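What follows draws every value from the coordinates through simple rules; no lab data is involved. Everything numeric in this text was worked out from a predicted model, so none of it was measured. Counting neighbours? That spans all protein chains shown, and the Cβs are built from the backbone with ideal geometry, glycine included.
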Amino acid sequence: MIIVLKRGTTEDQVQEISERLDQEGFKIHLSQGVEKIIMGAVGDRSRLKALDLEALPWVERVVPILAPYKLVSREFQQEDTIIQVGEHQIGGKEIHFMAGPCSVESREQILETAHAVKKAGATFLRGGAFKPRTSPYAFQGLGKEGLELLAEAREASGLKIITEVVDVRDVELVAEYTDILQIGARNMQNFFLLKEVAKSSKPVMLKRGPSATLEEWMMAAEYIMDGGNYQVIFCERGIRTFENYTRNTLDLSMVPALKSLSHLPVIVDPSHGTGRWDLVSSMTKAAIAAGADGILVEVHPQPEKALSDGKQSLTFENFASMMEEIRVLASALGRRVKGA
Ligand code: PEP
Ligand code: MN
């Protein structure tokens, strides 16, 4: 439920409501807008009557949120959430490109890629140090060494870092190195991992599970917000369908759907979403036209030699020429590619 307070409500008055709600077992989330203070209270609705909050003179109205997701919903917060990462803002007018290899493979590979994608207009360097692979015999990532290489590439290029955390035990370690924690598609409903990243001060990008519905995905984000971390970003990366020409079916309708149901930013990953580098540029344009706040894209110095996902990785040249086209599209839409 949402409690909208009247203009001019004092801190003491907010405190009084908080205490009453707390006594009835509600969890409280405060959202201080420019105009109004909105309190989100999650708990047993049948206890609400006894509280009779509307009788308090500084309460404007009490509105139940009917959807199962509460904190994630537009009802809880009408304005878009803007996530500040250094000088970058995700979720506003800026469009961010998070580009880099599927996996961090070597010092040369990650440094070379960082410089190339930065030059073309990326603001974030992506790269997996811990890789969730379908086969136990496939390259599993460089682990801590991969994180150190990412940090070195950040120093050298000025890019921010986004990398995946796959294990509850590694959240602190990965958070020490990265600017954004990535939760991979396979872990979208790993509730223990979600609760752990909820304790971090770093923003979390939550990828959609390969067979997750919009509601399941939003409920996963709810776990992170309920745990205290309000800096959540959705990432559409395609779902499993009967189609097998593409690796996944990129569901771009999720971008406007999420934008209407939620206040959180939305990123699209056309690399995992298609599995084919030749489709990446077109799907990137479509994602931006649909209202995405950014793109997560795989770029590799030599895709044919990549240890993972070479088939869906762009070369430096292809990434740079895509970015040229995107700049034109973004300005036609009244937005701006931040790094370009
Ligand atoms: C990735 O982005 O590196 C990745 C493994 O993607 P996903 O979790 O979407 O499969
Ligand atoms: Mn990959």
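A few comments on the model shown:
- Rounded tilt (10° steps) of 144-157 against the dominant C-alpha axis of the chain: 90
- Label zone of K311 (point 7 Å out along Cα→Cβ, amide N under 13 Å): in region 246-289 this covers 246-248, 272-279.
- Pair-distance profile P(r), taking every C-alpha pair of region 61-133, with 5 angstrom steps and integer %: 3, 13, 16, 13, 13, 13, 10, 8, 6, 3, 1, 0
- If R0 is taken as 41 Å, the Cβ-Cβ distance between T134 and S331 corresponds to a FRET efficiency of 0.55.
- By the equivalent-ellipsoid construction on the alpha carbon gyration tensor, the chain comes out with semi-axes of 38, 20, 19 Å, ordered largest to smallest.
- Sites F191 and L66, calculated FRET efficiency, Cβ-Cβ separation with R0 25 Å, nearest 0.05: 0.60
- Options I326, G273, T284, ranked by Cα towards positive dipole end of region 221-340, top entry (Cβ charges): I326
- Residue exposure proxy: K119, K338, K49, ordered by other Cβ atoms within 10 angstrom of their Cβ from fewest to most, comes out as K49, K119, K338.
- In the chain, helices alone account for a calculated mean residue ellipticity at 222 nm of -10000 deg cm²/dmol, with every DSSP H run of four or more residues adding -39,500 (n - 2.57).
- On full extension, the segment bounded by A289 and L111 gains 61.0 nm, given 0.36 nm per residue less the C-alpha separation.
- Separation between Cα centres of region 1-73 and region 233-290, rounded to whole Å: 36
- Between E87 and D167, the modelled label-to-label distance comes to 3.7 nm, taking each label 7 Å out from Cα in the direction of the beta carbon.
- Scalar couplings 3J(HN,Hα) for region 47-57, obtained by applying the Karplus form with A = 6.51, B = -1.76, C = 1.60 to θ = phi - 60°, are 7, 5, 4, 4, 6, 6, 5, 5, 6, 6, x Hz; x denotes Gly and Pro.
- Charged-residue dipole, Cβ positions (Lys, Arg, Asp, Glu), region 83-337 about Cα centre, Debye nearest 20: 320
- In this structure the amide hydrogen of L264, modeled in the peptide plane, comes within under 5 Å of the amide hydrogens of T81, none closer than 5 places in sequence on its chain.
- GNM result for the chain, Cα springs below 10 Å: residue of Q32, Q302, Q189 fluctuating most strongly: Q32
- Top of P303, P210, P68 by mean-square fluctuation, Gaussian network on the chain, Cα under 10 Å: P68
- Lys pairs under 18 Å by Cα in region 38-194, provided they are eight or more residues apart or on distinct chains: 4
- Neighbour counts of other Cβ atoms within 10 Å put Y245, Y223 in the fewest-to-most order Y245, Y223.
- Listed residues G127, G158, G33, most fluctuating in the chain (Gaussian network, C-alpha, under 10 Å): G33
- Based on every Cα atom in region 92-209, Rg and the maximum pairwise Cα distance Dmax equal 13.7, 43 Å.
- Residue exposure sequence - H263, H115 - by fewest surrounding Cβ within 10 Å: H115, H263
- Whole-Hz ³J(HN,Hα) from phi, Karplus 6.51 cos²θ - 1.76 cosθ + 1.60, for region 292-300, glycine and proline x: 5, 8, x, 10, 9, 9, 8, 9, 9
- Label-point gap, in nm, between E176 and T246 - each point 7 angstrom along Cα→Cβ: 4.0
- Rg then Dmax, both in Å and based on the Cα atoms of region 2-63: 10.6, 31.
- Close amide H contacts of G238 (hydrogens built in the peptide plane, cut-off under 5 Å, sequence separation of 5 or more or a different chain): D251.
- In the chain, taking the dipole from charged Cβ atoms about the Cα centre, the farthest positive-side position among S253, G86, T9 is held by S253.
- Between the amide H of V297 and those of M98, A99, G100, distances stay under 5 Å, these residues lying 5 or more places away or on another chain, with hydrogens modeled in the peptide plane.
- With a Förster radius of 41 Å applied to the beta-carbon distance between E152 and E304, the computed FRET efficiency rounds to 0.95.
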